[in-house]
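Report on the structure given below.
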Amino acid sequence: KRLRLTVSISGEQDLLKNIDFTTNRKVQIFDSSKMILTDTNYKPLAAVNFSRDTTNQKFTLKHSWKPGENYKLIIYKEAFTDSAGIMLSKSDTLSFKTKDESDYGSIRLHFNNLDMSVHPVLQILRQNEIVQSVILTTPDWFNKLTEPGEYELRILFNKKKNGIWDPGDYSKKIQPETVQRIGRKLNVRGNIDNEVDINL
């Protein structure tokens, strides 16, 4: 009958990710004031945002992490209460550290022959999933922190200027927006400024 909480902190906290919390059953009352993010001296930090999804079992802590910093997260047992009034069995304090900037690679891309009049959007994919979508306003793009790995690049010609792919409308004879795959893959290595020239 215990209400159990699983926290996504495992090893060093990814600078690019939030902390996720999952309960073993639905929560009726979530009191975010009973979850306090602090520095190592237990000083509460500002700009900490909590949210929950529609299942009432998944919760998220968002914060702008500083590289190589130590944090503490205090979770009081009253933070989560289910429909039967059952709370967590005890309060807990989690200590963790964030990754360093050297664990990531930076990306500098330059696109040759990029037509800005078609409102290009850069799509960055990993394992066929879009991990970042960027509206390009110049032929050059820089990103300071990127998780090392292999990425696929695409350019979306976004006529609607909404930043997302539009499938078109057959009945109105509107064609789907064009997506151009870039042949070469991007291999990002940690602690390196990865510079790439791309010919379109």
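Listed residues ASP82, ASP53; which is surrounded by 15 or more Cβ atoms within 10 Å (Cβ to Cβ) and either over 19 Å from ASN18 (Cβ atoms) or without any contact (Cβ under 8 Å) to a residue 12 or more places away in the chain (or both)?
Of ASP82, ASP53, the one residue that is surrounded by 15 or more Cβ atoms within 10 Å (Cβ to Cβ) and either over 19 Å from ASN18 (Cβ atoms) or without any contact (Cβ under 8 Å) to a residue 12 or more places away in the chain (or both) is ASP82.
Applying the selection to the stretch 77-126, what residues are among the aliphatic types (A, V, I, L, M) and assigned to a strand (DSSP E or B)?
Answer for the stretch 77-126, where residues must be among the aliphatic types (A, V, I, L, M) and assigned to a strand (DSSP E or B): MET87, LEU88, LEU94, ILE107, LEU109, VAL121, LEU122, ILE124, LEU125.
Condition test on SER95, is it surrounded by fewer than 17 Cβ atoms within 10 Å (Cβ to Cβ) and more than 21 Å from the chain's Cα centre (by Cα)?
Answer is yes for this residue.
When you scan the stretch 133-156, how many residues do you find that are of a type in the set (Val, Ile, Thr) and either closer than 20 Å to LYS99 by Cβ or in a strand (DSSP E or B) (or both)?
Number of matching residues: 4.
Within the stretch 172-180, can one find any residue that is over 21 Å from GLU101 (Cα atoms), touching a residue at least 40 places away in the same chain (Cβ under 8 Å), part of a strand (DSSP E or B) and open to solvent by 40 Å² or more (accessible area, probe 1.4 Å)?
Looking for residues that are over 21 Å from GLU101 (Cα atoms), touching a residue at least 40 places away in the same chain (Cβ under 8 Å), part of a strand (DSSP E or B) and open to solvent by 40 Å² or more (accessible area, probe 1.4 Å), one finds at least one in the stretch 172-180, hence yes.
If you check ASN191, ASN162, which single one turns out to be modelled with pLDDT under 95, touching a helix residue (DSSP H, G or I) at 6+ places or on another chain (Cβ under 8 Å), assigned to a loop (DSSP other than H, G, I, E, B) and not hydrophobic (A, V, I, L, M, F, W, C)?
ASN191
Just give me the residues in the stretch 107-156 being basic (Lys, Arg) and out of contact with any strand residue (DSSP E or B) (no Cβ under 7 Å at 6 or more places or on another chain), in sequence order.
none
To keep it simple, each residue is scored yes or no on (1) within 24 Å of the chain's Cα centre (by Cα); (2) open to solvent by less than 100 Å² (accessible area, probe 1.4 Å).
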residue: LEU156; (1), (2): yes, yes
residue: LYS160; (1), (2): no, no
residue: PRO167; (1), (2): no, yes
residue: LEU186; (1), (2): yes, yes
residue: ARG189; (1), (2): yes, no
residue: ASP193; (1), (2): yes, yes
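Can you give me the number of residues within the stretch 65-79 that are touching a residue at least 60 places away in the same chain (Cβ under 8 Å) and not aliphatic (A, V, I, L, M)?
Residues in the stretch 65-79 being touching a residue at least 60 places away in the same chain (Cβ under 8 Å) and not aliphatic (A, V, I, L, M): 0 in total.
Name the residue that is surrounded by the fewest Cβ atoms within 10 Å (Cβ to Cβ), counting only residues in the stretch 1-44 that are in a loop (DSSP other than H, G, I, E, B) and of a type in the set (Lys, Arg).
Filtering first and then ranking leaves LYS1.
The values are calculated or read from the model by the stated rules, or taken from the named source; none is laboratory data. These numbers come from a predicted model, not from an experiment. Virtual Cβ from ideal backbone geometry, glycine too; neighbours counted across all protein chains shown. With ligands, DNA and RNA removed, areas are computed over all heavy atoms of the protein, side chains included. Shrake-Rupley method; radii C 1.70, N 1.55, O 1.52, S 1.80 Å.
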